[in-house]
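Report on the following structure.
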Amino acid sequence: MRVLALFPLVLRNLLRQRRRALIAVFSVAFGIAALAVANGYIAWMFFDFREATIESQYAHIQVTRPRYHEDGRADPFRFLLPDDAAAVSLAKLNHVRAWGARLAFSGLLSKGETTLSFIGEGFNPATDLTGDRALRIVAGRKLTADDRNKILLGKGLALQLGAQPGDAVVLLVDNPGSGLSAIDANIAGIFESVSKAYDDSALLVPIDAARKLLKVSGAHSWLVYLDKTENTAGVAEALRRQFDPRQFEVRTWDQLAEFYARAVDLFRQQLDVVRFIVFAIILLGIGNTMMMSVMERTGEIGTMMALGVRRRAVLNQFLAEGALIGLLGGISGLLLAWLASIGVDALRIEMPPPPGLTRGYVARILLTPTIAAEAMGIAVVTTVLASLYPAWKASRMMIVDALRKNK
């Protein structure tokens, strides 16, 4: 309450030196605006990258046999799940938007004289979301529930094979139990995901065709898509309670997309550098401003203490001035960041694809309550810290020496 009672006095002191106060406030504002814009841009990039990764490859949650992701490539047939009937309860869970069985396999793909290796997945086009948001068809069409021997090729694989929609190809796989098996198929479409490495080897087929090719039933994984990514942890926990952990393993998208976690860590380190720069600018700028204010008001400070104002009250007054500069600068900075976000959205700036990805994205600035709270916290904390030494110096003045400045 005592601190709040200081603010009318503090505001009056700042208004006495309007030009200096405005310079201090706007130096904080521009630093906070730069930090909020950088934070918001990276937050949008994380959001867009995250959702594209979920939709195109991993889904929000995957249910598999235990240790499938570690040992499944060496012996995939040992990790087959039961028939799809065992998974129908997935659709009844809250927040579940769709689910689908996936059967992974690899082999050789031939067209004419050209033969390439591929990594394929069988899926059910009727129930499985194949990434409407992130798995973009660049030629031909998507698969439908009526397709049997139609396939989708990744853009990179299609280029290497010299294939176009409508071309006939042959899929050849090695079944440990029955030897080699093959099917004839036609290319329905060519897709592009967010990952170039994935597109260079990926192939999608209806799961019935994949089961026929592999001479198996069941699937390697059940992919679960949710209405919101924020519900992932809760639905995953419900699935872990529903399924026997000795028979089933539940993993979320962030446990599977290791490259996403590495990218997030890299950008966070870069953002820490921006935070440090903003922190240093505010400390130096406000520290200099407050020190000049103390020097100019030496006589005033001496008079205050001669009239009985305690040294601690003088200290608190200058700290409150620093906090008010930080508060006003933080609010102004967030307003500038909000105006910048509107401008960026209106311009629809096309950004080039990051390394390893196949497509760019439209730049946006995502200002969240967390970003706003962090920006305000940095603004107030740094200005208070910058005011500590000037405030301490003001409170330690000798009254007699300070009063001489009034002459």
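Observations on the structure shown:
- Helix 258-296 vs. the chain, principal-axis angle (Cα, 0 to 90°, nearest 10): 10 degrees
- Helix 232-242 and the longest principal axis of the Cα set of the chain meet at an angle near 50°.
- Summarising the amide proton neighbourhood of I183: residues at separation of 5 or more, or on other chains, whose placed amide H is nearer than 5 Å comprise L171.
- The chain pair-distance distribution - Cα-Cα, 20 Å bins, rounded %: 22, 36, 22, 15, 4, 0
- Helices in the chain, meaning DSSP H runs of at least 4 residues, each add -39500 (n - 2.57). Divided by all residues, the mean residue ellipticity at 222 nm is -17000 deg cm²/dmol.
- Pairs with C-alpha atoms separated by more than 18 Å, drawn from the list K111/K142; K142/K228; K111/K155; K142/K215, are K111/K142; K142/K228; K142/K215.
- Apolar share of the accessible surface for the chain: 60 percent from carbon plus sulfur atoms, 1.4 Å probe.
- Residues in the chain average 51 Å² of solvent-accessible surface per residue, probe 1.4 Å, ligands and nucleic acids excluded.
- Summarising the amide proton neighbourhood of V138: residues at separation of 5 or more, or on other chains, whose placed amide H is nearer than 5 Å comprise I190, F191, E192.
- Computed from Cα positions, the angle between helix 18-53 and the longest principal axis of the chain comes to roughly 10 degrees.
- Each peptide among 36-49, 332-345 gets the average number of other Cβ atoms lying within 10 Å of its residues, and from highest to lowest they stand as 36-49, 332-345.
- For the stretch 29-84 versus the stretch 197-211, the inter-centroid distance based on Cα atoms is 19 Å.
- Cα-based reach from K393 at 15 Å (exclusive), listing aspartates and glutamates while leaving out same-chain residues under 8 positions away: E296, E300, E321, D401
- Accessible area per residue (1.4 Å probe, heavy atoms of protein chains only) ranks K196, K92 as K92, K196, with the largest value leading.
- Within the shell of other residues whose beta carbon sits under 11 angstrom from the beta carbon of S387, the net charge comes to 0, with Lys and Arg scored +1 and Asp and Glu -1.
The values are calculated or read from the model by the stated rules, or taken from the named source; none is laboratory data. For clarity, every value in this text was computed on a predicted model and none was experimentally measured. Glycine gets a Cβ as well: all are built from the backbone with ideal geometry, and neighbour counts include every protein chain shown. Note: accessible area is taken over every heavy atom of the protein model, side chains too, but ligands, DNA and RNA are not part of it. Shrake-Rupley method; radii C 1.70, N 1.55, O 1.52, S 1.80 Å.
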